[in-house]
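Only one structure is covered here, and it is reproduced in the block below.
Please treat every number below as a calculation from the coordinates, not as lab data. Predicted model, so just to flag it, every value in this text is computed and none were measured. All Cβ positions, glycine included, derive from the backbone under ideal geometry; neighbour counts span all protein chains shown.
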Amino acid sequence: MNKLFSLLLLPLVLLSSQVEYTKWKSGETFLNFLEKQGLPQKIYYNLDKSDQTITEEIYAGVNIQILKDSNESIEQVLIPISEELQLHIYKDKKKYKLTSTPIKYIKKTSAFTVTIEHSPYFDIVNSTGSKKLAHQFVNAFKNSLNFRRDLRKGDRLVMVYAQKYRFGKTFSMPVLQVAMIELRGKKHYIYLNGDGRYYDEKGIEAEGFMLNRPVKNARVSSGFTLRRYHPILRRYRAHLGVDYAARPGTPISAAGSGRIIFAGYTRGYGKLIKIQHSDGYMTLYAHQRAFRRGIKRGKYVKKGQTIGYVGSTGLSTGPHLHFGLYKNGHARNPARVIRITTNKLKGKKLKAFNLLKDDYEKTVELHLAANTQIKKDKIFDNIYYLNIKGFEPKSEDENEPI
Ligand SMILES: [Zn+2]
């Protein structure tokens, strides 16, 4: 793999091409970007509806890479649209083309133990160097435990988490698998279940941020995916939300309370509302036929309040609500935080969870006994690189798997 990789990389050096790094600007559209770079607008208009819409998902601040030849002419551009997929513009026989290509990474599971000196947050940052890990740990227990009241110096905690890496450096958010903290010596746990949701020891859902379904009794016609290979179209696609098929005019309600930060029209998403919630969460409601009277930017809405009506505006194939959830600008799967009627596992599901739980607890005990520590992870920003033929990322460390 690495040998092939170095070979593919060679032409890049010979042609003395240059990679320029730039960040996607806030409010910039894909058409603006093409114009600014002197690229043909056809690149956009040749895309199908779904891919045109996905260009509206490019988020402000993301790293863009532009490969230019010695004459300053653009050879390739890489634009990430999710943590798993990037748009790739390239020259093919003097014509520009666009395709979606996966972002490669490896995933590792790591763990650490900490003995409390000050507070879980402070001590985790101190020991791992990562505010993200500390935040996730504290957040996991925020609805069930009172650290301030019950924690004692010398109590211990363990966190097991999965992290994506590119070129030996962390990339994207860590995902908590199991967290344990002792309060006066008694162990408390949060576990990630196979359904992607978090539960406590009794199999009761532990998530604090919960959304209502934005359309009642509607069928999910398309689920969330950061990256999926489409066998008929023979290419990769992303769908950064959930589609609910419903009759035109069906009321759409706010999935959570918050402030409307956008109520207007975009080419891809048609009549669109965005609501900002607490803790960095934002929800998006696209393709609406109309907004409810009085719904506008700046207005505060309550969970369950009607904000608009199902339609098919923008680049839509039929009446449906495209519903998106974002945390700090990154698309998340809304299905994982949609409130379900019962949030306590029962029967077969509880049995499966209990098996998983036993495994997790054994792992936690092993880490406690070993007093596992982690190396401080390096942050890596420029995660997308390319060569001329293979669209492979350039590894900074050739020995690192990609
Ligand atoms: Zn959709």
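Looking across region 295-349 at every residue that is closer than 18 Å to SER50 by Cα, more than 25 Å from the chain's Cα centre (by Cα) and not β-branched (Val, Ile, Thr), the one that is surrounded by the fewest Cβ atoms within 10 Å (Cβ to Cβ) is identified as GLY318. Taking (1) within 18 Å of the chain's Cα centre (by Cα); (2) surrounded by fewer than 19 Cβ atoms within 10 Å (Cβ to Cβ); (3) within 15 Å of the ligand (Cβ to nearest atom) in turn, ALA245 satisfies each apart from (1).
Out of the residues in region 51-81 that are in contact with a His (Cβ under 8 Å, 6 or more places away or on another chain) and not β-branched (Val, Ile, Thr), state the one that is farthest from PRO174 (Cα to Cα). Here the answer is GLN76.
In region 186-215, the residues that are on the phi > 0 side of the Ramachandran plot reach residues that are in a loop (DSSP other than H, G, I, E, B) and buried (at least 16 other Cβ atoms within 10 Å of the Cβ) with C-beta atoms within less than 8 angstrom, at least six apart or across chains, in these pairs: GLY196/ASN333; GLY203/LEU345. Candidates are the residues of region 314-346 that are among the hydroxyl-bearing types (Ser, Thr, Tyr) and in a loop (DSSP other than H, G, I, E, B); the one that is farthest from GLY268 (Cα to Cα) is THR342.
Tell me whether region 250-269 contains one or more residues that are more than 16 Å from the ligand (Cβ to nearest atom) and out of contact with any strand residue (DSSP E or B) (no Cβ under 7 Å at 6 or more places or on another chain). Looking for residues that are more than 16 Å from the ligand (Cβ to nearest atom) and out of contact with any strand residue (DSSP E or B) (no Cβ under 7 Å at 6 or more places or on another chain), one finds none in region 250-269, hence no. Among the strands (runs of 3 or more DSSP E) confined to region 93-188, the ones with at least 2 residues that are farther than 24 Å from LEU356 by Cβ are located at 95-102, 156-166, 169-183. Any chance you could count how many residues in region 255-304 are assigned to a loop (DSSP other than H, G, I, E, B), among the hydrophobic types (A, V, I, L, M, F, W, C) and in contact with a Ser or Thr (Cβ under 8 Å, 6 or more places away or on another chain)? Total meeting the criteria: 1.
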